[in-house]
Amino acid sequence: MILVAAMGILLLLIGYGLGLAFGSGIAGLVIALVVWAIMNLIAYFQGDSILLSMSKAIKIGPDDHPRLYNVVEEMKIASGLPKMPDVYIIDDPALNAFATGRDPSKASVAITSGLLEKLNRDELEGVIGHEMSHIKNRDVLLMSLCSVILGTIVILAWYGSRALIFSGGGSRRSSKGGGQGQLIIFAVAIILMILAPIIAQLIYFAISRKREYLADASSALYTRYPEGLASALEKIGTSTYQLKTANDATAPMYIANPYRKQGRAAADLSSTHPPLSERIRILRAMAGGASYADYDNAYQQVHKGGATIMPAAALAGAGAVGLRAAAPEAALKEPEPTRVERTRQVGDLLWQKSGYKIIDCECGTRLKVPSNIGKATVKCPHCGRTHNV
Amino acid sequence: MPVWAFVIIGIVVVLLLWFVFIFNGLVRLRNQVKNAWAQIDVQLKRRHDLIPNLVQTVQGYMQYERATLEAVTKARNVAQQAVGQGVGAQAKAEGELSGALTRLLAVVERYPDLKANQNFLALQEQLTSTENKISFSRQFYNDSVLNYNNKTQMFPSNIVAGMTGFKQGEFFKVEEAAEREVPKVSFEQPKP
């Protein structure tokens, strides 16, 4: 919250400074607030559908992929969301997932087919728990608010600096002070103009990283099983695929930094996510319990005495929370489908959703026939039997 | 009017607002507790509804396990009737049902044909998921009760709670005789 306040103050400062340089501080402040308000409205009403269609996401129902839908529903119950979010699969071999939705009752969760194939149930629960906690903790709203503040600062700084440079210093009619005062204000305004966007960006990234830690901690709290998320992050870390459809606007909402392979170092100040290895180490250090306080202790343990990372509201008044029993009762657990079976499940679902018809041949082959094939029968490529389309 | 009068009025207004704020917070938490309790019932009912389907699917393959199947059906009927008869009776009946299900699924291990059946696998996913949902809704209920109790006991909201009669919430604990020594809370009975 302090960071968000800092960004807000920067915005107000730059508005005031600009205003001062042009004659009235208050007018500048008001203009800054108006620009901010307009940008907020635009951002708010753009909707999530743009984000989702940018990522080629396919919506699924409870029967399409029961395991994924059930896991999302379980996490919805554990986190206490009022309404079940929409569930999407993104047809991409990269390993990533994201959540979107400014309001907990109008939210969506998306996961790539690559990740869905690779994870077992515990790991899937950890990842989905992390995404749902972004919704529950209103991170999407927070980050879009911050990006609007950032955008406003950048706009004001850009236009302000242009206006200042081109108006010279001559045409200001100010009744206060002499030329000296004007010059100092001018200089301060220019410095603000240059520094504010940079500082605001750094703050923005710091906020994003902090919320990621909170999401990891929330996932551990909901599932009572931090090892699930830890091993999922491990699998994500060892993948070499580059997510095709990520861009700067959507990057903070993914579970792993989609740009990490492009050379943007994860430990960079400009990274939206903390480094994966660090997140895994913190989760695995949570031996005492699954509460936010335990995550905080683990974080301090890994950082050898750093500051607390959890917001004060999360730490206040929480009790002790035990970890899940290490060996879940084996009899009631479904036999875990193998990697091949999982891949086949997701693949078949995606074929079906793209309008292909699925025909099972007696030899065991599954034929996927496009809807525009134009023929009345098809032959199985393995055994040669004909089937009616 | 003199300044000090305005100050007093201001303080009174602030106190009133604070009171209302905390009262609303307590109401919200108490309603969350009630809602979470209702959610547990929803998941339990879902399990009841799944069982006839399970027994149907399994019957064809497991002709020699009639006793186990009947035990499951019987336990399910008992559990359905226990709905609305109080937490104790309900918890006990659900515990018995979980035990019967566990025994049934342990027996299924001996029937590889059944394990490869798509319908059965889909059902097992639903069962696993329902068990998880029951335990998550129980977990969420307990978390809600914890938050609510904290708010009613911690200063300064305990003042408001005391004045307006907010009572403590009860944690959902299932204690089976044989499990009292095990610290974790669970429905399952130990395997015979």
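Observations, loosely collected:
- With contributions of -39500 (n - 2.57) from each DSSP H run of at least four residues, the per-residue ellipticity at 222 nm computed over chain B stands at -26500 deg cm²/dmol.
- Using a cutoff of 8 angstrom between alpha carbon atoms and counting only pairs six or more residues apart, the relative contact order for segment B:1-134 works out to 28 percent.
- Using only side-chain charges placed at the Cβ, +1 for Lys and Arg and -1 for Asp and Glu, the dipole size of segment A:105-158 relative to its Cα centre rounds to 240 debye.
- With loop membership from DSSP and a limit of 10 other Cβ atoms within 10 Å, the longest segment of chain B without trypsin sites (Lys or Arg not before Pro) is B:1-166.
- In a DSSP loop and with at most 12 other Cβ atoms within 10 Å, the GluC sites (Glu not before Pro) in segment B:73-162 are B:109.
- In nm, spacing of pseudo-spin labels at residue A:356 and residue A:120 (7 Å Cα→C-beta vector): 2.9 nm
- For residue A:98, the residues whose modelled amide H falls within less than 5 Å of its own, excluding neighbours fewer than 5 places apart on the same chain, are A:110, A:111.
- Positive-end residue of B:60, B:141, B:130, charge dipole of segment B:46-160 with Cβ unit charges: B:141
- Structure remark: mean-square fluctuation, Gaussian network model of chain B, C-alpha springs under 10 Å; the largest value among B:82, B:93, B:116 belongs to B:116.
- Neighbour-count order for B:27, B:3, B:160, fewest beta carbons within 10 angstrom listed first: B:3, B:27, B:160
- Whole-Å distance, taken between Cα centres, linking segment A:186-227 and segment A:51-128: 24 Å
- Angle between chain B longest axis and helix B:87-108 axis [Cα atoms, degrees, rounded to 10]: 40 degrees
- Fewest-first ranking of A:351, A:36, B:18, using other Cβ atoms within 10 Å as the exposure measure: B:18, A:351, A:36
- Against the main long axis of the alpha-carbon atoms of chain B, helix B:3-59 sits at an angle near 10°.
- Neighbour counts of other Cβ atoms within 10 Å put A:227, A:362, A:341 in the fewest-to-most order A:362, A:341, A:227.
- Calculated log₁₀ intensity ratio I(q)/I(0) where the Debye formula runs over C-alpha points of segment B:22-155, q = 0.09, 0.16, 0.17, 0.19 Å⁻¹: -0.35, -0.83, -0.90, -1.04
Each reported figure results from applying straightforward, stated rules to the coordinates on display, with no laboratory input. Because the structure is predicted, anything quoted here is derived from the model rather than measured. Cβ atoms come from the backbone with ideal geometry, glycine included; neighbour counts cover every protein chain shown.
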